[in-house]
Amino acid sequence: MKLHEYQAKQLFQSVGIPVPRGVVATTPDQAAGNYEALKRQCGGGEAFPCNVKAQLHAGGRGKAGGVLVAHSAQEASAHAAALLGRRLVTKQTGPDGLPISAVLLDERIAVARELYLALTIDRFNARPIALASHCGGVDIEEVAASRPQAILREGIDTVDALQDASLSRIAETLGCTPEQTEACGQIVQAMWRLFESTDASLIEINPLVVTDDGLPAAPASTGKGAAQAGRLMALDAKVTLDDNALFRHPDLAAWRDESQEQPLELRAGRIGISYVGLDGTIGCLVNGAGLAMATNDIIKLSGGSPANFLDVGGGANIEQVTNAFAIILADPRVRAILVNIFGGIMRCDWIAQGLLNATQQFEVKLPIVVRLQGTNVEEGRRLLAGAARLNLISVDELADAARRAVLLSRT
C-alpha cells in the first residue's frame, strides 16, 4: 500500500526525520487559510513563497505541472483550484493519470545539493538494503542504468541492523561533512526504525537535500563534488507498506486512498484474487503465482501479449472462478482468454463448472482456450466437451494453448 507524500512526512516526523513545515488542503478555501497559517508558523514576510503540491501515488509531479509556487493566500487558492479534481498524467501514471483530491502546502527550502537515500528489500539476497547516491532529485532508475557506480548498495542484517561502518559508507557516498555525517547517521537509523515498525517495503527520500543556509562551502572528503555546509532535510517522502502486514497496522491501513488504485486490481483484492493489469490483449486465468508468471512468459514467447497477471489461488471455488472471469472481461483490451489450471488442491471440475457459469452468466463472445491438468481433470474435460456451443477450446499442452490464444487474439 502506497502512502501520499503528506502521510509519509507525518511518519518521518514521528521518528525525527527533518522535513519542511507543511499542511494539507482538500479545497481552495482551505488552501488559502492554510497558506496564512503556514506563513505565520514559518515567520514569512508579505510575499511568503510556498509550494502547492498535488498529492498522488506517482512520481514526476513537478515535470507534469503538479507542483506550483504560491506567494499569497489568493494564489494558493487559485493553484489548489487548478489542481484539485483533475487527473494528473506523469511518466509513472499511464495515459489516464491519477486523480488529485488533496494538495500539500509546504515551505520552500533553499537547496545546496540534492541526494538520494532509500531502504527497500533486496529480493535477490532476501534481506533489507540501503541505497544511497549523491545523484538526487532525478529518476534513480536512470542513474542505475547510466551510472550504476553512483549508487551504494549497503545490505542490512536484520539482527545487527545498521552498524557504524555501514553508516560511515553511506555518509561518505553522500559526500557529507563531519557535521552532516552525524545527522546522516541519525536519519538512516530513524528510517530503519520506521521500516521495521511499519512493515514497510520501501522508504525513499528523493531528494534528501543539503540546505543552503548561506554558510561557506566545505571541501568534500570524496570525489563526489564539493560538500556544502547546511542541514540535511527530506524534501520529498515516499513510503510503501507491505499489504500482507496491514492487519498489524489498522491505523495505517485507514490511510489507504482507493482512488489512486487501478479499479480492477482493487476489485480483485476485495475478493481475494491477485490481479495486476497489463497492456496486452490475452486475458489470463491461472492458479498459482509461479504458474501465472510462466503463463505470461509463454504468451510473450509465442508472439502475444498478456492483458493481466491473475492468480485465482490454489483453493479457489466455483464462485471465485466466476468472479475472476468477470474481472478479465471488464478489461476492454482483452481479445482472447487463456485458462491454465493445474489442479492440486483445486479440482479441475470446479474450474470447468466456473468457466461454464461465467460464459453463460456474462454471455461471453470471446474465444477461450482452456488447459486443465491435475485433480479430476477427466471430469473437467467432460464438462467442457458437453458445452460445444460455447466458444471454448480445450488443449492439453501449455505451449499449444498459448499459440492458440495468440492466434485467436488476432482474429
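Of the set (1) free of Cβ contacts under 8 Å to residues at least 60 places away in the same chain; (2) assigned to a loop (DSSP other than H, G, I, E, B), all apply to Ile17 but (1).
Taking Ala64 as the residue in question, decide whether it is touching a Cys at 6+ places or on another chain (Cβ under 6 Å) and either of a type in the set (A, V, I, L, M, F, W, C) or open to solvent by 50 Å² or more (accessible area, probe 1.4 Å) (or both).
Working: touching a Cys at 6+ places or on another chain (Cβ under 6 Å): no; either of a type in the set (A, V, I, L, M, F, W, C) or open to solvent by 50 Å² or more (accessible area, probe 1.4 Å) (or both): yes.
It is false that Ala64 is touching a Cys at 6+ places or on another chain (Cβ under 6 Å) and either of a type in the set (A, V, I, L, M, F, W, C) or open to solvent by 50 Å² or more (accessible area, probe 1.4 Å) (or both).
Test Leu285 against the stated conditions and say whether it is under 24 Å from Thr240 (Cα atoms), among the aliphatic types (A, V, I, L, M), in a strand (DSSP E or B) and more than 17 Å from the chain's Cα centre (by Cα). It is false that Leu285 is under 24 Å from Thr240 (Cα atoms), among the aliphatic types (A, V, I, L, M), in a strand (DSSP E or B) and more than 17 Å from the chain's Cα centre (by Cα).
Considering only segment 226-273, how many residues are outside any helix (DSSP H, G or I), of a type in the set (Gly, Ala, Ser) and surrounded by fewer than 17 Cβ atoms within 10 Å (Cβ to Cβ)?
Step one: filter segment 226-273 for residues outside any helix (DSSP H, G or I), giving 226-242, 249, 254-257, 261-262, 271-273.
Still in the running and of a type in the set (Gly, Ala, Ser): 226-227, 229-230, 234, 237, 254, 272.
In the following step, the residues that additionally are surrounded by fewer than 17 Cβ atoms within 10 Å (Cβ to Cβ) were identified as 226, 254, 272.
The qualifying residues number 3.
Scanning segment 45-92 for residues that are under 22 Å from the mean Cα position of the chain (by Cα) and more than 24 Å from Gly137 (Cα to Cα) returns Leu84, Gly85, Arg86. Restricting the first member to segment 319-338 and to residues that are farther than 17 Å from Asn391 by Cα, and the second to residues that are open to solvent by 10 Å² or more (accessible area, probe 1.4 Å) and among the hydroxyl-bearing types (Ser, Thr, Tyr), the beta-carbon pairs closer than 7 Å and six or more apart or on different chains are Ile327/Tyr275; Arg333/Thr281.
Take the residues of segment 276-294 that are touching a Phe, Trp or Tyr at 6+ places or on another chain (Cβ under 9 Å) and open to solvent by less than 20 Å² (accessible area, probe 1.4 Å): which is nearest to Ala200 (Cα to Cα)?
Going through segment 276-294, the residues touching a Phe, Trp or Tyr at 6+ places or on another chain (Cβ under 9 Å) turn out to be 276-278, 283-289, 291-293.
Now drop any that are not open to solvent by less than 20 Å² (accessible area, probe 1.4 Å), which leaves 283-287, 292.
Details: Gly283: 31, Cys284: 30, Leu285: 30, Val286: 28, Asn287: 27, Ala292: 26 Å.
Checking each candidate, the answer is Ala292.
Just one residue in the set Ala358, Ala324, Ala330 is closer than 24 Å to Leu266 by Cα, open to solvent by 10 Å² or more (accessible area, probe 1.4 Å) and either in contact with a Gly (Cβ under 9 Å, 6 or more places away or on another chain) or among the small types (Gly, Ala, Ser) (or both); that residue is Ala330. Report yes if some residue within segment 128-142 is in a helix (DSSP H, G or I), open to solvent by less than 30 Å² (accessible area, probe 1.4 Å) and of a type in the set (Val, Ile, Thr); otherwise report no. Scanning segment 128-142 turns up at least one residue that is in a helix (DSSP H, G or I), open to solvent by less than 30 Å² (accessible area, probe 1.4 Å) and of a type in the set (Val, Ile, Thr).
When you scan segment 55-68, do you find a residue that is touching a residue at least 24 places away in the same chain (Cβ under 8 Å), outside any loop (DSSP other than H, G, I, E, B) and not charged (D, E, K, R), even just one?
Kept after step one, since they are touching a residue at least 24 places away in the same chain (Cβ under 8 Å), are these residues of segment 55-68: 55-61, 63-64, 66.
After this cut, where a residue has to be outside any loop (DSSP other than H, G, I, E, B) as well, the list is none.
No, every residue in segment 55-68 fails to be touching a residue at least 24 places away in the same chain (Cβ under 8 Å), outside any loop (DSSP other than H, G, I, E, B) and not charged (D, E, K, R).
Would you call Ala70 touching a helix residue (DSSP H, G or I) at 6+ places or on another chain (Cβ under 7 Å), open to solvent by less than 60 Å² (accessible area, probe 1.4 Å) and within 18 Å of Thr26 (Cβ to Cβ)? Yes. With respect to the conditions (1) open to solvent by 30 Å² or more (accessible area, probe 1.4 Å); (2) more than 24 Å from Ala47 (Cα to Cα), Leu84 falls short on a single one, namely (2).
The single condition among (1) at positive phi; (2) out of contact with any Phe, Trp or Tyr (no Cβ under 7 Å at 6 or more places or on another chain) that Ala161 does not meet is (2).
Only one of these is part of a loop (DSSP other than H, G, I, E, B) and touching a Cys at 6+ places or on another chain (Cβ under 8 Å): Phe48, Phe124. Name it. If you could, list the steps in order and put the result at the bottom.
Working: Phe124 fails: touching a Cys at 6+ places or on another chain (Cβ under 8 Å).
Selected residue: Phe48, the only one of Phe48, Phe124 that is part of a loop (DSSP other than H, G, I, E, B) and touching a Cys at 6+ places or on another chain (Cβ under 8 Å).
Scanning for something under 22 Å from Ala385 (Cα atoms) and either under 24 Å from the mean Cα position of the chain (by Cα) or surrounded by fewer than 21 Cβ atoms within 10 Å (Cβ to Cβ) (or both), does segment 298-318 turn up at least one residue? Scanning segment 298-318 turns up at least one residue that is under 22 Å from Ala385 (Cα atoms) and either under 24 Å from the mean Cα position of the chain (by Cα) or surrounded by fewer than 21 Cβ atoms within 10 Å (Cβ to Cβ) (or both). Of all the numbered requirements in (1) open to solvent by 50 Å² or more (accessible area, probe 1.4 Å); (2) of a type in the set (Gly, Ala, Ser); (3) touching an Asp or Glu at 6+ places or on another chain (Cβ under 8 Å), Ser77 misses one, and that requirement is (1). For segment 382-401, the count of residues that are crowded, with 19+ Cβ neighbours inside 10 Å, more than 23 Å from Leu266 (Cα to Cα) and touching a Gly at 6+ places or on another chain (Cβ under 7 Å) is zero. Scanning segment 155-196 for residues that are within 22 Å of Ser14 (Cβ to Cβ), surrounded by fewer than 19 Cβ atoms within 10 Å (Cβ to Cβ) and without any contact (Cβ under 8 Å) to a residue 24 or more places away in the chain turns up Glu182, Gly185, Glu196.
The values are calculated or read from the model by the stated rules, or taken from the named source; none is laboratory data. Computed from a predicted structure; not experimentally measured. Virtual Cβ from ideal backbone geometry, glycine too; neighbours counted across all protein chains shown. Ligands, DNA and RNA are excluded from the accessible area calculation, which covers all protein heavy atoms including side chains. Shrake-Rupley method; radii C 1.70, N 1.55, O 1.52, S 1.80 Å.
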